[in-house]
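**Q** Here it is, the structure, as structure tokens.
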Amino acid sequence: MNLIINGKRRRLDVPPMARLLDVLRESCGLTGTKEGCGEGECGACTVLVDGVAVDSCLVPVAQVEGCRIVTIEGAAAAKKNATALQNAFVEHGGAQCGICTPGMIMSACTLKAGCSRDEIKTALAGNLCRCTGYISIFQSVEAGLPPSPRLRRTGKSRLCKTKKGSRARRR
Amino acid sequence: MPVDARALALQRPRSLKAALAMLATAPALTPIAGCTDVMVGLHFGTSDQRQFIDLWPLDELRGITLDKPEGLSPRLRIGALTTYTEIIASPIIRKRVPRLVAAAREVGGAQIQNRGTLGGNIANASPAGDTLPVLAAADARIVLRSAGGERRVSFSEFYTGYRTSVRQPDELITAIEIPAIEGRQWWRKVGTRRAQAISKVMMAGVRGPQVRIALGSVGPVVVLATGAAKVLAHGGSVADAQAALAREITPIDDVRSAGEYRQQVAANLLAQFWKETE
């Protein structure tokens, strides 16, 4: 089975129905991806497959043959916004016990610059945290994402809290 | 105990035709797509399936189109492998069946929406499937295909009992067809939270020249509440419709909710549907 994991081609001898999560952790030694629930409820095992967030506990490895897989270990190299997000989680208390954090970061990596709090909540709705609650996580994501290109040009700070609000502000 | 992946076999046909040929000779194969249900069953050891056929690469089963059959009104055709994310992003579905978009938004979270498919939601045949009441209320038809040919089944005739349907082992769900819907559409899911929750009760309704009401998680299959709909369509009171509804649903006590609670909530949803679609 040929996989492209964090930019590197790997040839692995694994059963086609093995969980991508197990292949990453056990065959590739990439233990940054965590197993929480094993049933798609918690999002701790979130990775990107061709840029799309998925629960790796629910993906048979055969279905991602030839796809580009990015785990938390490769996020900084693959996603422009990942390093800033990781730093923001440290600075703003978005991480406590840390089990949910890799999944949170991977989901947050899919967000575009200047998105609203509602958009952040929607993107992270499939990631559960049992320590911090979600406020500090949302604040970390807001701080880690770059402001929207339009607002950056005008030099205004990014204060949009809702979709409606952000539209009004841009007008 | 998780099932050992080495004990599982996977066929990977390159085309729909090849898949149907495989199913014709080996009907014990279980079709898989986004796997958001199948992998859970295998991991928790509740699934006895060991041989699978992977539909995920078959792009023939994707796509959202507006078909205009001659002499008939246009109908929406949604490929079976269409994901919830694709449903949410589709301008045609937003315009014609906005409640299907609403239901797709409340399936799991982004990760599940990126992988779970409409065909899979139907084939999995759970009475709690989030899109199913919407499809029932919309009078959808399910397109089934085998190596021998194609047939269409009305949604209300598709399920035969708890997790069973008229789909034969050699057939695949290839698409879902939704006719033009006249009237106001309504949908609501009641669960523990907005994301990542399986419903306690769901209701979808259409209020137009015809009234159609469908409920999820209140019986072994999705229930089309024809009795309650008839009362309301003929100008009966909401209380009478609620009484009719109570006779049509058979909710049980389980880990997510209690039968009595579900009865009460179903009655409340009926009143809310009727009030909000005035």
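**Q** In region B:168-206, what count of residues is obtained for those that are farther than 29 Å from B:ALA246 by Cβ, of a type in the set (Gly, Ala, Ser) and away from every other protein chain (no Cβ under 14 Å)?
**A** Looking only at that region, the number is 2.
**Q** Conditions first: (1) without any contact (Cβ under 8 Å) to a residue 40 or more places away in the chain; (2) buried (at least 24 other Cβ atoms within 10 Å of the Cβ); (3) closer than 24 Å to B:THR164 by Cβ. B:GLN111 passes all but one, so which condition is the exception?
**A** (3)
**Q** What number of residues within region A:117-131 satisfy the criterion of being surrounded by fewer than 20 Cβ atoms within 10 Å (Cβ to Cβ) and in a loop (DSSP other than H, G, I, E, B)?
**A** The total comes to 2.
**Q** With the requirement that a residue be assigned to a loop (DSSP other than H, G, I, E, B), touching a residue at least 12 places away in the same chain (Cβ under 8 Å) and not small (Gly, Ala, Ser), what does region B:226-278 give you?
**A** Start the filter on region B:226-278 by keeping residues that are assigned to a loop (DSSP other than H, G, I, E, B), which leaves B:234-237, B:249-258, B:277-278.
Within this subset, residues satisfying the condition of being touching a residue at least 12 places away in the same chain (Cβ under 8 Å) are B:249-251, B:256-257, B:277.
Across region B:226-278, the qualifying residues are B:ILE249, B:THR250, B:PRO251, B:ARG256, B:THR277.
**Q** Can you tell me which residue within region A:51-68, out of those that are in contact with a Lys or Arg (Cβ under 8 Å, 6 or more places away or on another chain) and surrounded by fewer than 23 Cβ atoms within 10 Å (Cβ to Cβ), is farthest from the other protein chains (Cβ to nearest Cβ)?
**A** Kept after step one, since they are in contact with a Lys or Arg (Cβ under 8 Å, 6 or more places away or on another chain), are these residues of region A:51-68: A:51, A:54-62.
Subsequent filtering for residues that are surrounded by fewer than 23 Cβ atoms within 10 Å (Cβ to Cβ) retains A:51, A:62.
Values: A:GLY51: 10, A:ALA62: 6 Å.
Looking at the filtered set, the residue picked out is A:GLY51.
For every residue, the table says whether it meets (1) touching a strand residue (DSSP E or B) at 6+ places or on another chain (Cβ under 8 Å); (2) closer than 17 Å to B:LEU270 by Cα.
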{"position": "B:ASN124", "(1), (2)": "no, no"}
{"position": "B:ARG167", "(1), (2)": "yes, no"}
{"position": "B:GLU177", "(1), (2)": "yes, no"}
{"position": "B:LYS189", "(1), (2)": "yes, yes"}
{"position": "B:ALA195", "(1), (2)": "no, no"}
{"position": "B:ILE213", "(1), (2)": "yes, yes"}
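**Q** Out of the residues in region B:24-48 meeting the condition of being among the polar types (S, T, N, Q) and without any contact (Cβ under 8 Å) to a residue 12 or more places away in the chain, tell me which one is nearest to the other protein chains (Cβ to nearest Cβ).
**A** Step one: filter region B:24-48 for residues among the polar types (S, T, N, Q), giving B:25, B:30, B:36, B:46-47.
Next, from what is left, pick out any that are without any contact (Cβ under 8 Å) to a residue 12 or more places away in the chain: B:25, B:46.
Working: B:THR25: 20, B:THR46: 11 Å.
This residue is B:THR46.
**Q** Another question, if that's okay. So how many residues does region B:94-105 have that are within 14 Å of chain A (Cβ to nearest Cβ), free of Cβ contacts under 8 Å to residues at least 40 places away in the same chain and surrounded by fewer than 24 Cβ atoms within 10 Å (Cβ to Cβ)?
**A** Adding up the residues that qualify gives 2.
**Q** Suppose we keep only residues that are buried (at least 20 other Cβ atoms within 10 Å of the Cβ) and part of a helix (DSSP H, G or I) within region B:49-84. Which one would you say is nearest to the other protein chains (Cβ to nearest Cβ)?
**A** The qualifying residue nearest to the other protein chains (Cβ to nearest Cβ) is B:TYR84.
**Q** Tell me, yes or no, whether region A:1-17 has at least one residue that is within 27 Å of A:THR122 (Cβ to Cβ), within 12 Å of chain B (Cβ to nearest Cβ) and not aliphatic (A, V, I, L, M). Before you say what the answer is, go through the steps one by one.
**A** Start the filter on region A:1-17 by keeping residues that are within 27 Å of A:THR122 (Cβ to Cβ), which leaves A:6.
Checking which are within 12 Å of chain B (Cβ to nearest Cβ) leaves us with none.
Looking for residues that are within 27 Å of A:THR122 (Cβ to Cβ), within 12 Å of chain B (Cβ to nearest Cβ) and not aliphatic (A, V, I, L, M), one finds none in region A:1-17, hence no.
**Q** Same structure, new question: Can we say B:PRO220 is of a type outside the set (A, V, I, L, M, F, W, C), within 25 Å of B:PHE158 (Cα to Cα) and surrounded by fewer than 14 Cβ atoms within 10 Å (Cβ to Cβ)?
**A** Values: of a type outside the set (A, V, I, L, M, F, W, C): yes; within 25 Å of B:PHE158 (Cα to Cα): yes; surrounded by fewer than 14 Cβ atoms within 10 Å (Cβ to Cβ): no.
So B:PRO220 fails the test.
**Q** Sticking with this one: Restricting attention to region A:97-116, which residues are in a helix (DSSP H, G or I) and free of Cβ contacts under 8 Å to residues at least 60 places away in the same chain?
**A** Passing the criteria: A:THR101, A:ILE105, A:ALA108.
**Q** Output the residues belonging to region A:86-101 that are closer than 27 Å to A:VAL14 by Cα and surrounded by fewer than 19 Cβ atoms within 10 Å (Cβ to Cβ).
**A** Result: A:ILE99, single match.
**Q** Quick check on this structure: which one of A:THR31, A:THR71, A:THR83 is out of contact with any Pro (no Cβ under 6 Å at 6 or more places or on another chain), crowded, with 18+ Cβ neighbours inside 10 Å and at pLDDT 95 or above? Quick ask: steps written out before the conclusion?
**A** Values: A:THR31 fails: crowded, with 18+ Cβ neighbours inside 10 Å; A:THR83 fails: crowded, with 18+ Cβ neighbours inside 10 Å.
Residue meeting the stated conditions: A:THR71.
**Q** Any residue at all in region A:21-29 that's within 11 Å of chain B (Cβ to nearest Cβ) and in contact with a Gly (Cβ under 9 Å, 6 or more places away or on another chain)?
**A** Yes.
**Q** Going by the structure shown, is B:ARG77 closer than 24 Å to B:GLY216 by Cα, in contact (Cβ under 8 Å) with a residue 24 or more places away in the chain and not aliphatic (A, V, I, L, M)? Give the steps one after another, and end with the answer.
**A** Details: closer than 24 Å to B:GLY216 by Cα: yes; in contact (Cβ under 8 Å) with a residue 24 or more places away in the chain: yes; not aliphatic (A, V, I, L, M): yes.
So B:ARG77 fits the description; yes.
**Q** Another one. Residues in region B:106-158 that are within 14 Å of chain A (Cβ to nearest Cβ) and hydrophobic (A, V, I, L, M, F, W, C): how many?
**A** Qualifying residue count, region B:106-158: 3.
**Q** For region B:64-110, how many residues meet the condition of being at pLDDT 95 or above and over 18 Å from the mean Cα position of the chain (by Cα)?
**A** The total comes to 7.
The values are calculated or read from the model by the stated rules, or taken from the named source; none is laboratory data. Note that the structure is predicted; figures quoted are calculated from it, not measured. Cβ coordinates were reconstructed from backbone atoms using ideal geometry, including for glycine residues, and neighbour counts include every protein chain displayed.
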